[in-house]
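Working notes, beginning with the structure itself.
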Amino acid sequence: MLIREAAAADWPQIWPFWHRIVAAAETYAWDPDTSEEAARVLWMNPAKRVFVVEDGTGAVVASAYLTPNYAGPADRIANAGFMVDPDRSGHGYGRALAEHLLTAAAEDGYRGMVFNAVVETNPAVRLWTSLGFTVLGTVPDAFEHPRHGLVGLHVMYRAL
């Protein structure tokens, strides 16, 4: 596997799994009907540092972005978004990408990373806690999950 910074030309490989994940409305608090153009602007925004994971064939199987969560005097706290192609889950791409991003964030001078809205039923909660993130709090019944009904959104944090 190769983890590298994304290029604009990677978007056509990211979009299919981005769309599938967001449209499922199970793990992201983004509009499931987000258009491809709006998604590209959201994910590939020049203010974000975007990464991709390539499998052994060169196919993009995961992506993540790194960006400041706050502005001004609090801009040393990072935020990130992660997506792994659901057809490629279970192969360690998410963990490898997360570890890579945590290292990149520290190298970029961030002091910590916060996730503002982690759906509490998201299997990635186990990954984040195994990587040292803690749940600072949960907004109860904040997310309308298509299978579980109303579930909470965690705010998770880890110092870098």
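The values are calculated or read from the model by the stated rules, or taken from the named source; none is laboratory data. As the structure is a computational prediction, the values presented were derived from the model and not from experiment. Here the Cβ is made from the backbone with ideal geometry for all residues, glycine too, and neighbour counts use every protein chain on show. Heads up: the accessible areas ignore ligands, DNA and RNA and are worked out on the full protein's heavy atoms, side chains in. Shrake-Rupley method; radii C 1.70, N 1.55, O 1.52, S 1.80 Å.
Okay, residues lined up against (1) surrounded by 14 or more Cβ atoms within 10 Å (Cβ to Cβ); (2) farther than 20 Å from Ala25 by Cα; (3) not polar (S, T, N, Q):
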| site | (1), (2), (3) |
| --- | --- |
| Asn122 | yes, no, no |
| Arg126 | no, no, yes |
| Ser130 | no, yes, no |
| Thr134 | no, yes, no |
| Gly137 | no, yes, yes |
| Phe143 | yes, no, yes |
| Leu150 | no, no, yes |
| His154 | yes, no, yes |
The range 113-141, residues that are assigned to a strand (DSSP E or B) and either under 16 Å from Arg76 (Cα atoms) or touching a residue at least 24 places away in the same chain (Cβ under 8 Å) (or both):
Met113, Val114, Phe115, Asn116, Ala117, Val118, Val119, Thr134
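Table: residues versus (1) over 15 Å from Met83 (Cα atoms); (2) open to solvent by less than 20 Å² (accessible area, probe 1.4 Å); (3) of a type in the set (S, T, N, Q); (4) at pLDDT 95 or above.
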site	(1), (2), (3), (4)
Ala8	yes, no, no, yes
Trp11	no, yes, no, yes
Ile21	no, no, no, yes
Ala24	no, no, no, yes
Ser35	yes, no, yes, yes
Val41	yes, no, no, yes
Pro46	yes, no, no, no
Val61	no, yes, no, yes
Tyr65	no, yes, no, yes
Given Arg4, Arg76, Arg88, which one is modelled with pLDDT under 95 and among the charged types (D, E, K, R)?
Arg88
Do you know which residues across the range 76-91 are surrounded by 14 or more Cβ atoms within 10 Å (Cβ to Cβ) and either touching a strand residue (DSSP E or B) at 6+ places or on another chain (Cβ under 7 Å) or on the phi > 0 side of the Ramachandran plot (or both)?
Ile77, Ala78, Asn79, Ala80, Gly81, Phe82, Met83, Val84, Asp85, Arg88
